[in-house]
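Below is one structure, written out as structure tokens; comments come after it.
The values are calculated or read from the model by the stated rules, or taken from the named source; none is laboratory data. In this text, all values refer to a predicted model and were calculated from it rather than measured experimentally. Cβ coordinates were reconstructed from backbone atoms using ideal geometry, including for glycine residues, and neighbour counts include every protein chain displayed. All accessible areas refer to the heavy atoms of the entire protein, side chains included, with ligands and DNA or RNA removed. Shrake-Rupley method; radii C 1.70, N 1.55, O 1.52, S 1.80 Å.
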Amino acid sequence: RKPAAHAALRSIQPNASQRSCGCRRCGARDGIMGSQTFFEAAFGVGAGAYVLAFAGCVYGSASAQARLGVSLLACALPALLATELSGGDVVAGDALAGNWLQEFVGMAVMVACTCSAGALVGHLGKAYEYAAHFALMMVADYSCDGPHVNPLVTTTQCVAKPEQTWTDGLTRIAAQLGGGVVGWRLLLAAGAYMPGDVGGPAPDARLPLYYVFLSECLGGAALCGAVWAFATTKMGDVYVRKMALINCTLRTVILAFGATGPAVNPALAFSYVFATEGAWPTLENHWPSYVAYWFGGLTGAVAMGLCWRFINVPSKSETAKIVLGACCVGACIAAWSFHLGVEADALVSDHDYAAAMERRHPLTKLLKRQPKAYREL
């Protein structure tokens, strides 16, 4: 069945028995059709120009693997438009193309804005960075009309919402990866003019993969839970309140979940590597990143999506949904902060202590003296 808007558009299209007679009504109808044709042409030209700009932005890499990846991403939107031109479902093709473009632009803007918060304020402290991050996050989200900009959010919606198709989800994720590369390249270029340093997420090499996996899994689940509880319920009726609650959850994860950077966004982490190294992360060199950002993060997103399917039922009130969603977020943060995170911090301290002991001067080793920073332990 065609959507109502599409049916309405069909109803105003003239057929053989409805030719324009020059009256005011027919003139208005012809104007509507002309505007629709102009919009479709402008969208096609604009989309093609944006893809070409994207390819030109990142195609300077000498890596053949990078060029192949950029070519595949650049071909995604024209392929969707070609589906429409070859006789496919016009409405579905338009929706996929629109979602691809929204996620592509939204991801580039989000990376360029939110990942520059610390560098813009010169890493003056948590309070300054929190305020800058919140303001820039709202700018990125509002200016791009609320895209997902995160494969975890897209995945959890595909799990919890029957109307969210996996075709649309994969289209969004592909666009997020491409937009992330553009955003990071722009941000890294602008970093030379910022008072602080621009950096990206990376798993802590001092920790076993068990902690790396659980850190991103619980962090991703907490973020997805915040999106469900605060953006899809009555809490989301006030835009600033919704964004403040989601941002507070995200900042808590960033400050508390140190085992993986953290990213809680596979597209953010992997597009950073792509932008800095000029190639897609390989399994040999970035195995912990795959374990954390993709396997760990997506596991948390799927788990939270399944939980929300049981929470979001007609028998539960809006207040109950908000409370249960907030409890899921709190449980994920508490599980890391009060148990797994404590163990991870102890392992990191032991590793640093052992490394400091190993770096001692031979005479200091002979006298069995500890490093100065650890003498009080």
Q | Number of positions in the range 257-282 that are at pLDDT 85 or above, farther than 17 Å from V198 by Cβ and open to solvent by 20 Å² or more (accessible area, probe 1.4 Å) | A | 0
**Q.** Verdict on A132 being out of contact with any helix residue (DSSP H, G or I) (no Cβ under 7 Å at 6 or more places or on another chain), over 18 Å from V264 (Cα atoms) and either surrounded by fewer than 22 Cβ atoms within 10 Å (Cβ to Cβ) or among the acidic types (D, E) (or both)
**A.** no
Q) Quick one: which of A275, A256, A292 is within 25 Å of A205 (Cβ to Cβ), of a type in the set (G, A, S) and touching a Pro at 6+ places or on another chain (Cβ under 8 Å)? A) A292
Q. Name the pairs whose Cβ atoms lie under 7 Å apart, with the first residue in the range 226-241 and open to solvent by 70 Å² or more (accessible area, probe 1.4 Å), the second among the hydrophobic types (A, V, I, L, M, F, W, C) and assigned to a helix (DSSP H, G or I), and 6 or more positions between them or separate chains?
A. R241/M235
(Q) Given the criteria more than 18 Å from the chain's Cα centre (by Cα) and among the aliphatic types (A, V, I, L, M), does V159 qualify? (A) no
Q) When you look at G219, is it touching a helix residue (DSSP H, G or I) at 6+ places or on another chain (Cβ under 6 Å) and either of a type in the set (K, R) or over 15 Å from A263 (Cα atoms) (or both), yes or no? A) no
Q.
Based on this model, can you work out whether D197 counts as on the phi < 0 side of the Ramachandran plot and modelled with pLDDT under 85?
A. yes
Q: Take the residues in the range 256-282 that are of a type in the set (S, T, N, Q) and either farther than 18 Å from C224 by Cβ or not in a loop (DSSP other than H, G, I, E, B) (or both), then tell me which one is nearest to the chain's Cα centre (by Cα).
A: S271
Q. Of the residues that make up the range 117-129, is at least one of a type in the set (S, T, Y) and under 18 Å from the mean Cα position of the chain (by Cα)?
A. no
Q. Can you name the condition, by its number, that A205 falls short on among (1) under 16 Å from the mean Cα position of the chain (by Cα); (2) under 22 Å from E277 (Cα atoms); (3) of a type in the set (G, A, S)?
A. (1)
Q. From the set of residues in the range 154-170 that are among the polar types (S, T, N, Q) and not in a helix (DSSP H, G or I), which is surrounded by the most Cβ atoms within 10 Å (Cβ to Cβ)?
A. Q164
Q: Residue by residue through the range 186-201, note down the ones that are open to solvent by 60 Å² or more (accessible area, probe 1.4 Å) and under 20 Å from V264 (Cα atoms).
A: none
Q. Restricting to helices (runs of 4 or more DSSP H) lying wholly in the range 283-364: which have 1 or more residues that are surrounded by 13 or more Cβ atoms within 10 Å (Cβ to Cβ) and at pLDDT 90 or above?
A. 297-311, 318-335
